[in-house]
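Undergrad: Sharing a structure below in C-alpha cells format, with a few things to ask.
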Amino acid sequence: MANYPELRLFIGGEWKSAPGRPVLNPADNSVLGTVPHATKADLDTALDAAERGFKIWSRTSPAGRAEVILKAVRLMRERVDAMAVAMTLEQGKPLAQARLEILRGCDIIEWDAQEGRRVYGRIIPSEPGMRHSVMRLPIGVVAAFSPWNFPMSSPARKVGGALSAGCSIILKASEETPAGAVQLAQAFADAGLPRGVLNLVFGEPAEISEYLIPKPSVRLVTFTGSVPVGKRLTALAGSCMKPVIMELGGHSPVFVCDDVDVAATAASSALAKSRNSGQVCVSPTRFFVEDAIYDRFTTALTEKAAAIKIGNGLDAGVEMGPLANERRVAAMETLVADAKAKGARVTTGGARLGNQGNFYPLTVLADMPDDAQAMREEPFGPLALVSRVRSLDEAIDKANSVPYGLAAYAFTNSARKSNELAQRVEVGNLSINHFVASIAETPFGGVKESGFGREGGTEGLACYTIVRNVSHLMT
Ligand code: NAD
C-alpha cells in the first residue's frame, strides 16, 4: 500500500521478508500489509549477529557511537512526514500526534547519544599505591519488547538507551503497529550502524520472549506493556538471573484541588485524556476533585470532552482517532457497563461510535464508586473517572490504594499541598499543574506493580550498564 512501508525483519544488517499476519488500519479495518514472523533459525541468526555487533560497538568510542546515532536521528527528522502517515494508518492516532511522537522519539535518542559520552566512572581514594576505579561498561546484548501504543517512541527509548551505552539490541516490536520500528531500523541502517548492533524481529510474542530471554548472550530484558506480561517476563529473566527494565501499566490519579482555575484545568484534562485515545500508560484517569469545585469541574470537563473531534486521524482537525484494536473497544464497553451498574453517571460518551473501525468517544463517568472495576483496573482507553473527595488526605489514600504506581498529576497553587503530594503519592513521576509525565532528560518509570528500572535521564542510561570495580596495587 502507498504510504505504508514494506515490513521486513532486520537481522545482522540484512532485510528479510517472511510470511506472517496482516496489519489492520483501526479506522476501517482494511489490510495495510503483512508483518513477517521470525523463525527460531532467524532468532539464532539475530543472537549471533547481536553478539558480533556488541563486540564491535562496545569497542567503538562514545563519540564514534554518537556520530552514527545522531546521523540516524537526522534522517528520521527528515522523514517525519512519511513516518507520521504510516503511524496514523496502523495505530490510529491523529497525524499531528504521530508527528510529535516521532520528533519526541528523535529527541530521546539524541539526548541519550549525547549523554552516552558522559557515562563516567570514578576513582576512590585509598592507601598509597592502591587505586580503586569504578567503571561503567555496556551490559551486553539487550532483548527489547515494545508495545503497539507508541510504535516509534517506545522503540526509540530502548534503542536510544542500549546503543548510546554501547550495547547491541534485538528489538521485538509490536506486530500490530510494526512500521515505526521498521522505519527506525532503516534510519540506523542508512546512517551506517555496524551490522548486528540493531536487529528487529516480529512473531508470536510469547514464543520470541521465551526463546530469547534464557539465551546466555542476552544480558538485559526491557519490556513495555501490561502488568501480567511484565510479571511473566520478569519471572523468566529472574530464573536466569538477568536484570530487567519493566515499564508496565499505570492508573494515573489527577488531584484537582479547590484553589485552581476550574475551566482551564478541565480543558487541559480533556485534551490530555484524549491523547492517543487514552491508550497511554500515563493517561490521566482517576480525577479526585475537591468538594467545593466538584460540580463545576465535572460540567466543564464534560463540555470539553464532548467537543473533542473524533475521526480518521488522517483527516484535518481530528483530535482523537479510533482505538488501536477491537480488544480496547470491548474493554471500554465492559468497564462502562460495570461502572453504570454500580452507580456511576455517564455525562458524555459511553457507547461505541458507528459501525466501521474502532471508534469510541471520550467518556466522562462522574460519581465513580470506589468498587467499580475501572477504578482498580487500568482502562487503557478514553475513560475519565471523576470522584468527589472531601480532603487531600482522602484523595491520596484512594490514589495509593491500587497496585499501580506510574504517573500522577496534581493541580494546585498551594505549596503545602504540592509538598504533601510529592511526599506521599506512590508513583515514579508526579507532574504538578501540567500533563507532561517526562522528557528526554528525566527518568521515567514506575513503583509497585508499574515496574522498575527507568527509561530516560542518566538513571535510564545506567540500566544499560554494569558496574566493575578495578582495584590496582601499583607495585
Ligand atoms: P497484552 O497483555 O496481551 O499485551 C501487552 C503487550 O505485551 C503487547 O504489546 C504484546 O505484544 C506484548 N506481549 C504479550 N505477551 C507477550 C509475551 N509473552 N512476551 C513478550 N511480549 C508480549 O494486552 P494488549 O491487549 O495488547 O494490551 C492491553 C493492555 O496492555 C492494557 O490494558 C495496558 O495495561 C497494557 N499496555 C501497556 C502499555 C504501556 O505503555 N505500559 C502499552 C501497551 C499495552
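The values are calculated or read from the model by the stated rules, or taken from the named source; none is laboratory data. Note that this is a predicted model, so its numbers are computed, not measured. Here the Cβ positions follow ideal geometry from the backbone for every residue, glycine too, while neighbour counts run over all protein chains shown. These area figures cover heavy atoms from the full protein model, side chains too; ligands, DNA and RNA do not enter into them. Shrake-Rupley method; radii C 1.70, N 1.55, O 1.52, S 1.80 Å.
Undergrad: Specify the residue that is farthest from the ligand (Cβ to nearest atom); the eligible residues are those in segment 242-261 that are within 30 Å of A292 (Cβ to Cβ) and open to solvent by less than 10 Å² (accessible area, probe 1.4 Å).
TA: Out of the qualifying residues, it is C257.
Undergrad: Same structure, new question: Any residue in segment 210-231 that is over 15 Å from A143 (Cα atoms), buried (at least 20 other Cβ atoms within 10 Å of the Cβ), more than 8 Å from the ligand (Cβ to nearest atom) and modelled with pLDDT of 95 or more?
TA: no
Undergrad: Looking at E441, E459 in this structure, which one is acidic (D, E), more than 29 Å from Y294 (Cβ to Cβ) and in contact (Cβ under 8 Å) with a residue 24 or more places away in the chain?
TA: E441
Undergrad: Could you check segment 266-279 and list, in sequence order, the residues that are open to solvent by less than 10 Å² (accessible area, probe 1.4 Å) and either β-branched (V, I, T) or in contact (Cβ under 8 Å) with a residue 60 or more places away in the chain (or both)?
TA: S269, A270, K273, S274, N276, S277, G278, Q279
Undergrad: In this structure, is R157 open to solvent by 10 Å² or more (accessible area, probe 1.4 Å), in contact with a Phe, Trp or Tyr (Cβ under 9 Å, 6 or more places away or on another chain) and assigned to a strand (DSSP E or B)?
TA: The answer is no for R157.
Undergrad: Suppose we filter G203, G238 for residues that are in contact with a strand residue (DSSP E or B) (Cβ under 9 Å, 6 or more places away or on another chain), free of Cβ contacts under 8 Å to residues at least 40 places away in the same chain and within 16 Å of the ligand (Cβ to nearest atom); which single one remains?
TA: Values: G203 fails: free of Cβ contacts under 8 Å to residues at least 40 places away in the same chain.
On inspection, the qualifying residue turns out to be G238.
Undergrad: Which one is nearest to the ligand (Cβ to nearest atom), of the residues in segment 298-336 that are assigned to a helix (DSSP H, G or I) and within 16 Å of E90 (Cβ to Cβ)?
TA: R327
Undergrad: Would you please name the residue that is farthest from N469 (Cα to Cα), looking only at residues in segment 136-154 that are open to solvent by 10 Å² or more (accessible area, probe 1.4 Å) and of a type in the set (A, V, I, L, M)?
TA: So, considering only residues that are open to solvent by 10 Å² or more (accessible area, probe 1.4 Å) and of a type in the set (A, V, I, L, M), the one farthest from N469 (Cα to Cα) is I139.
Here is a yes/no grid of residues against (1) at positive phi; (2) surrounded by fewer than 20 Cβ atoms within 10 Å (Cβ to Cβ):
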{"position": "A27", "(1), (2)": "no, no"}
{"position": "A38", "(1), (2)": "no, no"}
{"position": "D44", "(1), (2)": "no, yes"}
{"position": "A50", "(1), (2)": "no, no"}
{"position": "W57", "(1), (2)": "no, no"}
{"position": "P62", "(1), (2)": "no, yes"}
{"position": "D81", "(1), (2)": "no, yes"}
{"position": "V85", "(1), (2)": "no, yes"}
{"position": "G92", "(1), (2)": "yes, no"}
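Undergrad: Then there is this: Since K398 meets every condition but one in (1) charged (D, E, K, R); (2) in contact (Cβ under 8 Å) with a residue 60 or more places away in the chain; (3) within 16 Å of the ligand (Cβ to nearest atom), which condition does it not meet?
TA: So K398 meets the others, but not (3).
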